[in-house]
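Contents: one structure, followed by commentary.
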Amino acid sequence: MRPIANLFFLTGAIFALCGMVWGIQMSASHDHSLSPAHGHLNLIGFVSMSVFGAYYALSPGAAQSMLARVHYALVTASVLVLVPGIVLAIQGQTEVMAKIGSVLAVASMALFVLIVLRNRAGQTVTSSAQPAE
Ligand code: HEM
């Protein structure tokens, strides 16, 4: 199974790639009406995902927990629901998806708070390891 930090970085990079292509499309078409959706794709999808990936790379104990995988699934789902939800809300079609995506995003951050509280960044998995002299 791919390490969780790697999954966060890979997914974040894919979201960034999509967000940048979307940004170029917005610039080329001179239609910036969907820029809030583009902003959320880049900021939750890339920036937040990368910060989470860095945290798990620094915290092997947290990275090996099942909660980290639940966290990854929640953040990914929040981006995949929230971003199209913002598009639909801007287009005046429905706000339901944006609301569900927002709840998923908040839940994923609340879970991250819990994970950070339960683990120390830099904490090794083997507690018996002695520091090098
Ligand atoms: C190829 C790369 C990118 C292009 C061409 C691009 C293009 C754009 C354009 C045209 C806008 C609308 C500006 C306006 O109407 O005032 C915009 C807004 C925005 N972009 Fe990007 N962008 C790119 C990458 C990124 C990245 C990497 C991030 C964040 C990490 C980002 C975050 C934002 C944010 C937060 C907004 C404002 C959203 C709003 O308040 O409506 N963009 N971008």
(request) Could you work out which residue, out of 24, 44, 115, moves most in a Gaussian network model of the chain, that is, has the largest mean-square fluctuation with Cα springs under 10 Å? (result) 24
(request) Would you look at the GNM of the chain, springs on alpha carbons closer than 10 Å, and say which of 102, 27, 78 moves the most? (result) 27
(request) For the chain, set up a Gaussian network in which alpha carbons nearer than 10 Å are linked by springs, and say which option among 35, 50, 108 fluctuates the most. (result) 35
(request) For segment 4-118, just the Cα set please: Rg and Dmax, both in angstrom. (result) 14.9, 47
(message) Could you work out what % of the accessible surface of the chain is carbon and sulfur, using a 1.4 angstrom probe and leaving DNA, RNA and ligands out of the count?
(response) 69 percent
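The values are calculated or read from the model by the stated rules, or taken from the named source; none is laboratory data. All of these numbers come straight from a predicted model, not from anything done at the bench. The area values use the complete protein model at the heavy-atom level, side chains included, leaving out ligands, DNA and RNA. Shrake-Rupley method; radii C 1.70, N 1.55, O 1.52, S 1.80 Å.
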